[in-house]
Amino acid sequence: MSFSVREVGENDLENLMNWRMSPEVTDFLFTDCYLTIEGQKKWFYSLKERKDQIRWMVDVDGIPAGTIYLESIDYTKKRTSWGYFIGVKTLRSIQLAVALELSLYDYVFNKMGFEEIYCEVFSFNTGVIKLHKLCGCMVAKVVEEEVEKNGKKYDVTHMSINRKQWELCRAKYVYERIDFK
């Protein structure tokens, strides 16, 4: 299998909308939403004006599979948050997850020149927390009942990796490098 990322295009909006509203994806995100194509187009065109977000489509063997993104990009403090989801269940794999995460770290630290990348994960999502730890992230803190969703409160695990940590552990990884542009 080959993995690649590319700029989100208008033709991707329906896939993104459907994936984002599917329970397999939204159950692990901090918000549920009802999206429309009109709303997706408005969001898509607003991305061109924003400097605090970058979004890519993830393709597996040329098939649109999901999305990966940077948010809360702070060019002054040289830090950003990130997230991703693979909407096509049959295209999910540990190889893809590791390649995306480690390649994104390369992009953030080497191409952007940033000092830290961080994420937040529902604490019940232990598989993703283990994956992030495998890729060098460390738990910064756990905030109990930080997110309320559908009347229920959830604990959130905050994780991060900084440039020095990445430089120390990067050489131990063998992964398919994905070119983020």
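Annotations
- Highest average packing first - 8-19, 102-113, Cβ atoms within 10 Å: 102-113, 8-19
- If you run the Gaussian network model on the chain, springs between alpha carbon atoms under 10 Å, then out of Cys135, Cys33, Cys119 the most flexible one is Cys33.
- Dipole size of the chain about its Cα centre, with +1 on Lys/Arg Cβ and -1 on Asp/Glu Cβ: approximately 500 debye, rounded to the nearest 20.
- Gyration tensor (alpha-carbon) shape descriptor, the stretch 93-181, a/c threshold 1.5: prolate
- Gyration tensor over the Cα atoms of the chain: the corresponding equivalent ellipsoid has semi-axes (square roots of 5 times the eigenvalues, largest first) of 24, 21, 17 Å.
- Separation between Cα centres of the stretch 150-168 and the stretch 1-24, rounded to whole Å: 24 Å
- Per residue, the accessible area of the chain comes to 55 Å², computed with a 1.4 Å probe over protein heavy atoms only.
- A dipole drawn for the chain from +1 and -1 charges on Cβ atoms has a positive end, and of Gly62, Gly113, Leu102 the residue lying farthest that way is Gly113.
- Only lysine pairs 8 or more places apart or on separate chains count here, and in the stretch 1-150 those with Cα atoms under 27 Å apart total 28.
- Cα gyration tensor, the stretch 39-128 - rounded (a/c under 1.5), prolate or oblate: oblate
- Whole-Hz Karplus values for the stretch 96-109 come out as 5, 4, 5, 4, 5, 5, 5, 5, 5, 4, 4, 4, 5, 7 Hz, taken residue by residue from phi with 6.51 cos²θ - 1.76 cosθ + 1.60 and θ = phi - 60°; glycine and proline positions read x.
- Solvent-accessible area assigned to carbon and sulfur over the chain amounts to 51 percent, based on a 1.4 Å probe.
- Less than 5 angstrom separates the built amide H of Lys149 from those of Tyr154, all sequence-distant by 5 or more or on a different chain.
- Tensor-based shape of the stretch 12-74 (alpha-carbon gyration tensor, a/c under 1.5 rounded, otherwise prolate or oblate): rounded
- Positive-end residue, the chain charge dipole about Cα centroid, Cβ charges, pick of Cys137, Thr31, Trp43: Cys137
The values are calculated or read from the model by the stated rules, or taken from the named source; none is laboratory data. Not measured: the values here are computed from a predicted model. So basically every Cβ, Gly included, is an ideal-geometry build from the backbone, and we count neighbours across all protein chains shown. These area figures cover heavy atoms from the full protein model, side chains too; ligands, DNA and RNA do not enter into them. Shrake-Rupley method; radii C 1.70, N 1.55, O 1.52, S 1.80 Å.
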